[in-house]
1. In this structure, does VAL36 turn out to be open to solvent by less than 60 Å² (accessible area, probe 1.4 Å) and part of a helix (DSSP H, G or I)?
2. Taking the range 41-86 as the region of interest, how many residues are hydrophobic (A, V, I, L, M, F, W, C) and farther than 17 Å from TRP155 by Cα?
3. If a residue must be open to solvent by 40 Å² or more (accessible area, probe 1.4 Å), in a loop (DSSP other than H, G, I, E, B), at pLDDT 75 or above and of a type outside the set (D, E, K, R), how many such residues does the range 182-217 contain?
4. Of all residues being assigned to a helix (DSSP H, G or I) and without any contact (Cβ under 8 Å) to a residue 24 or more places away in the chain in the range 218-261, which is most open to solvent (accessible area, probe 1.4 Å)? Just the residue, please.
5. Quick one: how many residues across the range 149-165 are over 19 Å from the mean Cα position of the chain (by Cα) and modelled with pLDDT under 95?
6. How do the strands (runs of 3 or more DSSP E) wholly within the range 43-158 filter down when requiring 3 or more residues that are open to solvent by less than 30 Å² (accessible area, probe 1.4 Å) and of a type in the set (A, V, I, L, M): which remain?
7. Of the conditions (1) within 20 Å of TYR62 (Cβ to Cβ); (2) in a helix (DSSP H, G or I), SER174 fails just one. Which one is it?
8. Within the group ASP33, ASP55, ASP71, which residue is of a type in the set (Asp, Glu) and at pLDDT 95 or above?
Amino acid sequence: MHLQPCGASIEIEPISDGFDEAEITYVVLAHLDHFVANVSQSLINLAGKFVSSGDPPIALVYDAIMPFCLDVVRKLGIKGAPFFTQACAVSALYYHYNEGNLKIGDRLGTTSFSMPAMPVMEIGDLPSLIPDRDLYPVFLSLMVNQFSNFQKADWLLVNTFDKLEEEVLNWMASRWPKIKTIGPTIPSVYLDKQLEDDKYYGLSLFHPSAEACMKWLDTKEKSSVVYASFGSIATVGGSQMEEIAMGLKNSNENFLWVVRASEESKLPSNFVAETSEKGLFFVLVTLYFVYGNANLIFIFLVAKFFLECKPGLARGLELLQPTPSFFQNRCPNL
């Protein structure tokens, strides 16, 4: 984890998750139990530290997939607010699933269905954890447990803005008046510029690079660069990596491809050298730097599309989520 400057208005206090010295178990449920117990105690200890210093906490904002934090909040006698980081539509679907309103049969067909304030959908439109519920039951449980006690919280914070998801937000607000939109959560200098020292997120799983990337982008014409990224977590198979590579190469477009160090070995042999005039590869580049450049032609993402593209939408950029037909015409090898 890399810390970045985050301005005078923010202080970062690390807490223990219980695995500082303990051996990490790969039994998921045991791991989660250990995590919950230790993070709960660490938060209580941190609050005690602030109280002793004469600066007691007044509220705790926590990721919605950590509903146990509300129990900590009640013990401390302060306010609590879960922060829902996914699209409101996705959160609503998990809510409906948790409530039993969204029933998916054992056989996945193409039957259309609808939920309140949403367009008609098919099985393939759902978050994959729902139709594939038997493959990743623990992760599905994490998602639906966001709604185990959320109505007892003081506020419900969502990482979006009103006009982006107006219909589903209005539906949510009619049921849960405590809901507040606070997105997109990007540094102020790239949005409203109200906080001049707010230039970074503060934390990054990797050490991001930007200067060389921006210099390269500045040498290209406006709307002439394809941006490709699979996010910071998703793992891509070797054959998929080769297909993407050939598609980018055969498109004959300039491209910026973010490839993590752990994925570099999957690139086709000599691909980097053969595309050096058109392509640039980076281990990681912070997206809000990239979104500030007008030379990108579109954003091509297969992971976390909503989370990654909200900064661009908020900045007024025209973004495109490519469809299979687009690649058949533009990148025939994809």
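1. So VAL36 fits the description; yes.
2. The total comes to 6.
3. Counting residues in the range 182-217 that are open to solvent by 40 Å² or more (accessible area, probe 1.4 Å), in a loop (DSSP other than H, G, I, E, B), at pLDDT 75 or above and of a type outside the set (D, E, K, R) gives 5.
4. My answer is GLN240.
5. The total comes to 1.
6. Qualifying strands (runs of 3 or more DSSP E): 156-158.
7. Looking at each condition in turn, SER174 falls short on (1).
8. ASP71
The values are calculated or read from the model by the stated rules, or taken from the named source; none is laboratory data. Being a predicted model, the structure only gives us computed values, none of them experimental. Note that we place each Cβ from the backbone using ideal geometry, even for glycine, and neighbour counts take in every protein chain shown. Quick note on the areas: whole protein, heavy atoms, side chains included, nothing else; ligands and nucleic acids left out. Shrake-Rupley method; radii C 1.70, N 1.55, O 1.52, S 1.80 Å.
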